[in-house]
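The values are calculated or read from the model by the stated rules, or taken from the named source; none is laboratory data. Everything numeric in this text was worked out from a predicted model, so none of it was measured. Positions of Cβ are backbone-derived with ideal geometry, glycine not excepted, and every protein chain shown enters the neighbour counts.
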Amino acid sequence: MNELKGVHHITAITSSAEKIYDFFTYVLGMRLVKKTVNQDDIQTYHLFFADDAGNPGTDMTFFDFPGVPKGKHGTNEISKTSFRVPTDEALDYWAKRFTRLDVKHTKIKKQFGKKTLSFVDFDDQHYQLISDENNKGVASGTPWKKGPIPLKYAITGLGPVFVRTAHLDYFKEMMEKVLLFKKIAQEGTFHLFETGKGGNGAQVIVEFNDKLPQARQGYGTVHHAAFRVADRESLNKWIEQLKEFNLPNSGYVERYYFGSLYTNVAPQILFEIATDGPGFMGDEPYETLGEKLSLPPFFESKRAKIENLVRPIDTVRSSKDFEKEYEN
């Protein structure tokens, strides 16, 4: 059985597609590589923010479900998303930047030997930056070359996924026996699991907490976390693996940009296993990724209807020059 290769993407819920586009583009300096719709709810945008070329393991995506209530953080949730930056020095840059831009953040801290900086967005979605300075394992991506952040400080991909659970023994068994992660460290109530080549891009940090109230999904919370496999053949093996453990799952789902498999691994914890390809550049050139409304071929016949359902969002960046913001 092949191990999972690492984190593929994180999908969260936002109150505003427009505001999350501005936050990720102009504050975080990540590149919108695909503007499409939720394939199960075509009135809902699905925005993909990633590295320069939309490589697997670098993208955070968002749904803006109409009328969805605000979520509530607590136990039994995917609680925080990490982004990788090249060095410890980069965290100092980001701390100053967040202060200047009034982004709520903590001080720089250390966890499992890595320096981190936690912050939230306008929806109280929880994130952290993590330094790759002492990191080994899965390679990260390439920062957005034309974005506003100097490349030596810029975000390069996804780091550890945080899960908070009131059912630690069950979740540990799920991670190790079913998903084939290995527990490699513990600090207090936080347990570090790793897969594949390891490192920041292939880790899950599980927090045991049975004191907080139950989390409630809504805007400002994570919808699901996805992990990488190479191709359809590998994904089919995982479908069989889940069947052997009698774990209910979606079976193969065609997402066009990648193939997927979904399973609820614990109460309110939805994991996806997704293929590395074919990727995001099959229907748009590199220069204008994310600038038009992209639809998979099986939705093209519904384009007029979909364009009437979703409001236009101006995401053109190829005609703009972003000045690198070295000073904070």
_Could you tell me how many of the residues in segment 55-110 are surrounded by fewer than 17 Cβ atoms within 10 Å (Cβ to Cβ) and not β-branched (V, I, T)?_
16
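Taking into account only those residues within segment 285-310 that are free of Cβ contacts under 8 Å to residues at least 60 places away in the same chain and touching a strand residue (DSSP E or B) at 6+ places or on another chain (Cβ under 9 Å), which is surrounded by the most Cβ atoms within 10 Å (Cβ to Cβ)? Show your work before the answer.
To start, the set of residues in segment 285-310 that are free of Cβ contacts under 8 Å to residues at least 60 places away in the same chain comprises 285, 287-288, 297-298, 300-301, 303-304, 307-308.
Those left that are additionally touching a strand residue (DSSP E or B) at 6+ places or on another chain (Cβ under 9 Å): 298, 303, 307.
Working: F298: 10, R303: 11, E307: 13.
So the residue we want is E307.
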_Breaking point among (1) over 21 Å from the mean Cα position of the chain (by Cα); (2) aromatic (F, W, Y); (3) buried (at least 17 other Cβ atoms within 10 Å of the Cβ), for F245_ = (3)
*Complete set of residues in segment 17-54 that are in a loop (DSSP other than H, G, I, E, B), of a type in the set (G, A, S) and either crowded, with 22+ Cβ neighbours inside 10 Å or more than 17 Å from the chain's Cα centre (by Cα) (or both)*: G29, G54
*Collect the residues in segment 177-197 that are among the charged types (D, E, K, R), touching a residue at least 12 places away in the same chain (Cβ under 8 Å), surrounded by 12 or more Cβ atoms within 10 Å (Cβ to Cβ) and not in a loop (DSSP other than H, G, I, E, B), keeping them in residue-number order.*
K182, E187, E194
*Residue count for segment 88-147, restricted to those that are in contact (Cβ under 8 Å) with a residue 60 or more places away in the chain and at positive phi*: 3
*Go through segment 103-169 and tell me which strands (runs of 3 or more DSSP E), entirely inside it, have 2 or more residues that are β-branched (V, I, T).*
114-120, 157-165
_Go through (1) hydroxyl-bearing (S, T, Y); (2) in a strand (DSSP E or B); (3) farther than 25 Å from R164 by Cβ; (4) out of contact with any helix residue (DSSP H, G or I) (no Cβ under 8 Å at 6 or more places or on another chain) for T81 and report which single condition fails._
(3)
*Restricted to segment 260-297, and to residues that are aliphatic (A, V, I, L, M) and part of a loop (DSSP other than H, G, I, E, B), which residue is modelled with the lowest pLDDT?*
M281
